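Below is one structure, written out as structure tokens; comments come after it.
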Amino acid sequence: MSLTIRPIEQKDVESCGKIGYEAHKTISSAHGYPSEQPSEEFGIELIRMLLGNPNSWGVLAERQDKILGSIFLHEFPPSPVAVIGPLTVHPTAEGGGIGRKLMDAALSHAHKHNHDQIRLVQSPSHIRSFVLYTKCGFNLREPLFLMQGQPLNSDNNRSARLVLDDNDISVCNELCKSANGFSRDMELRQAVDQGVAFMIEQDSAVTGYAAGIGILCHAVAKSNEDLKTLIANASTILGPGFFVPARNYEIINWLLENGFQIGWPANLMTIGPYQEPLMPFLPSLTY
Ligand SMILES: CC(C)(COP(=O)(O)OP(=O)(O)OC[C@H]1O[C@@H](n2cnc3c(N)ncnc32)[C@H](O)[C@@H]1OP(=O)(O)O)[C@@H](O)C(=O)NCCC(=O)NCCS
């Protein structure tokens with residue numbers, strides 16, 4: 001029976017959302033982690049939201065009118081990076097090469113749109129997805145931990161302030177470029193609109209910024225002291241926690257000493273040119 005790969009439509013939202021929930025529940029309960037998709041409603045809303053996002057593109061796999069899985073690819077213009085996820089296949093259809101076909105469709109869409117840098121955040125407890133991504137050409141770049149805890153609201157003597165205007169955005173983008181080789185302008189502007197982006201200035205130079213502190217937020221800082229200041233200044237942690245590179249012992253240990261816990265591990269994986277960030281950073285769930 002042949003497998004069809006086609007664009008996701010509104011009528012598919014519920015099926016794709018339910019499969020996402022089932023797939024994540026199966027894998028997280030096997031490993032004793034909380035599920036990335038805590039309820040069926042969450043899974044459905046996630047698909048609905050992505051379908052309504054002009055920078056997201058999604059396809060599904062179906063056989064004989066039965067939906068078996070789906071995948072999304074996201075762009076963050078002007079960033080050259082395209083991001084894959086979520087990718088989910090119904091647990092009963094695992095092992096039939098459906099994941100590979102969905103990945104091939106997403107990678108070919110990314111290449112058609114001239115993205116040579118493609119990234120994703122993988123759940124390392126799931127060896128299946130690690131093998132699939134590796135076979136597709138992805139390279140493990142950075143192991144991560146999702147850190148969970150209460151905002152520190154510390155009276156740190158170095159303080160951060162809100163990113164307010166185009167000038168602030170431009171200096172933060174320059175810092176991002178010097179760390180990563182490109183800016184994350186779109187995500188920073190969205191965080192500014194939400195009033196959650198803040199920055200640190202020292203002698204009128206920016207030494208760090210955070211597009212919020214949370215699972216969909218990123219940050220760049222010249223030093224770990226600056227990164228701590230950004231984290232300590234957040235009055236809210238957006239979502240279930242935020243990712244920290246596991247190799248950044250100083251930040252992980254500082255968070256643990258401040259009552260944070262490790263929620264779950266993750267892996268940042270990439271295809272194409274990759275510049276290891278030249279400064280301490282916090283990645284988002286996307287990259
Ligand atoms: C990850 C997921 C999408 C994979 O879907 P799938 O249809 O089973 O994937 P495929 O069968 O195309 O590919 C899996 C590959 O891993 C291989 N594999 C699995 N376990 C392996 C192991 N322990 N060692 C070596 N290879 C392994 C399979 O043989 C297959 O490779 P092949 O096609 O060359 O034989 C699916 O399992 C899923 O939805 N999981 C839950 C959600 C999730 O984790 N999503 C990814 C988030 S990062």
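How far is the Cα center of the range 269-287 from the Cα center of the range 85-104, in Å?
The distance from the Cα centre of the range 269-287 to that of the range 85-104 comes to 25 Å.
Quick one: grab the alpha carbon gyration tensor of the chain, order the square roots of its eigenvalues as a ≥ b ≥ c, and give me rounded if a/c is under 1.5, else prolate or oblate depending on whether a/b is larger than b/c.
On the way: a/c = 1.99, a/b = 1.67, b/c = 1.19.
Since a/c reaches 1.5 and a/b is larger than b/c, the shape of the chain is classed as prolate.
Treating only the Cβ atoms of Lys and Arg (+1) and Asp and Glu (-1) as charged, compute the dipole magnitude of the chain about its Cα centre; round to the nearest 20 debye. All intermediate terms of the calculation are to be shown ahead of the outcome.
Values: 22 positive and 30 negative charges, 189 e Å.
About 900 debye.
Which order results if D116, D65 are arranged by neighbouring Cβ count within 10 Å, fewest first? Show your work: numbers first, answer last.
Values: D116 12, D65 6.
Least crowded to most crowded, the residues run D65, D116.
Which FRET efficiency value, to the nearest 0.05, is calculated for L164 and E250 with the Förster distance at 22 angstrom and r the Cβ-Cβ distance? Can you show the working numbers first?
Values: r = 30 Å, r/R0 = 1.35.
The computed FRET efficiency comes out at 0.15.
Taking the Cβ of each residue in Y249, Y274 as the centre, tally the other Cβ atoms inside 10 Å and list the residues starting with the fewest. Working shown, then result.
Details: Y249 10, Y274 17.
Starting with the residue having the fewest Cβ neighbours, the order is Y249, Y274.
Mind giving me the FRET efficiency for E41 and I127? R0 is 25 Å, r the Cβ-Cβ distance, nearest 0.05 is fine. Before the final figure, lay out each step's value.
Details: r = 29 Å, r/R0 = 1.15.
Working from the Cβ atoms, E equals 0.30.
By counting other Cβ atoms within 10 Å of each Cβ, how are H111, H218 ranked from fewest to most?
Details: H111 14, H218 25.
Sorted ascending by nearby Cβ count, the order is H111, H218.
Readers should treat all values here as calculations from the given coordinates under stated rules, not as data from a laboratory. Since the model is a prediction, treat every value here as computed from it, not as a measurement. In this analysis, Cβ positions are derived from the backbone assuming ideal geometry, glycine residues included, and neighbour counts consider all displayed protein chains.
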